[in-house]
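Step one of this worksheet: look at the structure below.
The values are calculated or read from the model by the stated rules, or taken from the named source; none is laboratory data. Note that the coordinates shown come from a computational prediction; the quantities given were computed from them, not determined experimentally. So basically every Cβ, Gly included, is an ideal-geometry build from the backbone, and we count neighbours across all protein chains shown. Calculation scope for accessible area: heavy atoms of the full protein, side chains included, ligands and nucleic acids excluded. Shrake-Rupley method; radii C 1.70, N 1.55, O 1.52, S 1.80 Å.
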Amino acid sequence: MKPRLFLTGPSGCGKSTMICRELGELVRNAGGFVTIRDRDENGVVRGFEILSADGYGPRDRFLDLTGEKPRVDLEVFSGVGCDYLRRAQERPFAVLDEIGGVELLNDRFVDELARYLRGAHPCIGVMKGAGSAGKLAEMMGLMVRYELARRAMYEHLRSDPNTCLVECAGWDDEIARKAVREWAAEFAQ
């Protein structure tokens, strides 16, 4: 099994949930970060926040959807995002949930992510699927620059000999679930 496993697929199909459920309590040993959807009392998404994978520390909002136009705070990735990547090396493994989003427009974060991915440190995560990435880019008016960055990251993961990229169709996708279980058995301590 390769030391890095990324699930990709449609938004909302359960990729992140599958990883967290399969890791269970072991996620407390992880470095890295998770992306949290902030919802109102009716379930409407108000924004997205980044949080340490082990669940400790503040939730930093990087995408706010409550106004007329979405607002992105890319500095979140320059600060805590880069810090989570650096500190991930100190843990047995990392969770990178998710990459392939607006963070790819932050050069400092992209450099730190590239540095992290050049190593062989085990990690499991989510690579944003093309469909949801395209919707995000269109909504933000960032189509060309963002799509080029997303494609470059996807191609890097797809061609990296230390990375396995698995298409996930949904929570009941047994191929993806088996890949996550096998990865966890070998690398999550």
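The reciprocal of the average 1/r between distinct C-alpha atoms defines the Kirkwood hydrodynamic radius, which for region 41-91 equals 12.2 Å. Contact order, relative form, for region 7-141: 29 percent (alpha carbon pairs under 8 Å, 6 or more residues apart, mean separation divided by residue count).
Between Ala130 and Ser11, the contour length at 0.36 nm per residue exceeds the alpha carbon distance by 41.9 nm.
Looking at region 1-77, the chymotrypsin sites (Phe, Trp or Tyr not before Pro) that sit in a DSSP loop and have at most 12 other Cβ atoms within 10 Å of their own Cβ are Tyr56. Projected over all directions and averaged, the alpha-carbon convex hull of region 39-134 occupies 7.0 nm².
Each stretch of four or more DSSP H residues adds -39500 (n - 2.57); spread over every residue of the chain, this sum gives -11500 deg cm²/dmol at 222 nm. Between Arg87 and Asp107, full extension at 0.36 nm per residue minus the direct alpha carbon distance yields a gain of 5.3 nm. For the chain, the solvent-accessible area of protein heavy atoms averages 49 Å² per residue (probe radius 1.4 Å; ligands and nucleic acids excluded). Convex hull volume per residue, computed on the Cα atoms of the chain, equals 111 Å³. Compared with the direct C-alpha span, the chain from Arg145 to Val44 gains 33.6 nm at full extension, assuming 0.36 nm per residue. Take the Cβ atoms of Ala114 and Trp171, set R0 to 35 Å, and the FRET efficiency comes out at 0.65. When the Debye formula is applied to the Cα atoms of region 6-87, each taken as the same point scatterer, what base-10 log of I(q)/I(0) results at q = 0.15, 0.20 Å⁻¹? Debye intensities relative to I(0), on a log10 scale: -0.62, -1.06.
In the chain, the portion of solvent-accessible area held by carbon and sulfur atoms comes to 50 percent [1.4 Å probe, whole percent, DNA, RNA and ligands not counted].
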